[in-house]
Amino acid sequence: MPRPLPHRAMAVALTAWIALAGASGAFAQEVKVLGTFGKWIAQTYKENGQPVCFMSAKPGTTEGIVKARGEVLIMVTHRPAEQAFDVLSVVAGYQYQPDSDAGLTVNGTRFNLFTNGERAWARDAQTDKTIVQLLINSNAATVRGISSRGTVTTDIFPLSGFTAAHKSISDTCKKL
């Protein structure tokens, strides 16, 4: 069963804020970089006075050509005030085909992520935790999606630095 809309809306808002960071000096000053770890960057900011921590990486390899494709990211987010930890999301850089799932494969294990617009998420918190544990012990994650125009894309995300970035956001955004 998909996550409640508030979690999806928060992930969409977080992704939009990240995209605006380059365009908005004021916002960029509010986001603090915790560190760069291999291919991953860990960051934090305050939302309504509460810490939010996230880590993200761009794909190392991409297959499938989508015209005017935007930024592609895989992210893990902690929101301690909401007791939401290890929330995995993918930003495709294009609109997913309606009612399609994105496929995430880690260490030979495949997960179906639900999609909405340009984003994809795990279906529940337990799946998030399972995925993150696999990511900690793996070298790469592969995301396969289908654009609204039917183009199949495959993005391979290197996991070099994932464990250190995860420790950084976990130390900064501890469970309450």
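The values are calculated or read from the model by the stated rules, or taken from the named source; none is laboratory data. The model shown is predicted, which means the values in this text are computed figures rather than measured ones. Cβ placement follows ideal geometry from the backbone for every residue including glycine, while neighbour counts extend to all protein chains displayed.
Quick notes on this one:
- Residues of region 118-129 classified as closer than 19 Å to SER56 by Cα and outside any strand (DSSP E or B), total: 6
- Some residue of region 109-116 being within 21 Å of ILE41 (Cβ to Cβ), at pLDDT 95 or above and either surrounded by fewer than 22 Cβ atoms within 10 Å (Cβ to Cβ) or under 14 Å from the mean Cα position of the chain (by Cα) (or both): no
- Annotation: THR172 fulfils all but one of (1) farther than 16 Å from TRP40 by Cβ; (2) in contact (Cβ under 8 Å) with a residue 60 or more places away in the chain; (3) of a type in the set (Val, Ile, Thr); the unmet one is (1).
- Odd one out for GLY70, checked against (1) among the small types (Gly, Ala, Ser); (2) within 16 Å of GLY150 (Cα to Cα); (3) modelled with pLDDT under 95: (2)
Yes or no, residue by residue, for (1) modelled with pLDDT of 95 or more; (2) surrounded by fewer than 16 Cβ atoms within 10 Å (Cβ to Cβ); (3) out of contact with any His (no Cβ under 9 Å at 6 or more places or on another chain):
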{"residue": "VAL87", "(1), (2), (3)": "yes, no, no"}
{"residue": "GLY103", "(1), (2), (3)": "yes, no, yes"}
{"residue": "ARG119", "(1), (2), (3)": "yes, no, yes"}
{"residue": "THR130", "(1), (2), (3)": "yes, no, yes"}
{"residue": "ILE136", "(1), (2), (3)": "yes, yes, no"}
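- Within region 63-73, the set of residues being closer than 14 Å to ALA102 by Cβ, out of contact with any Lys or Arg (no Cβ under 7 Å at 6 or more places or on another chain) and either free of Cβ contacts under 8 Å to residues at least 40 places away in the same chain or crowded, with 16+ Cβ neighbours inside 10 Å (or both) comprises just one member, VAL66.
- Positions within region 138-161 being modelled with pLDDT under 95 and within 15 Å of the chain's Cα centre (by Cα), in sequence order: none
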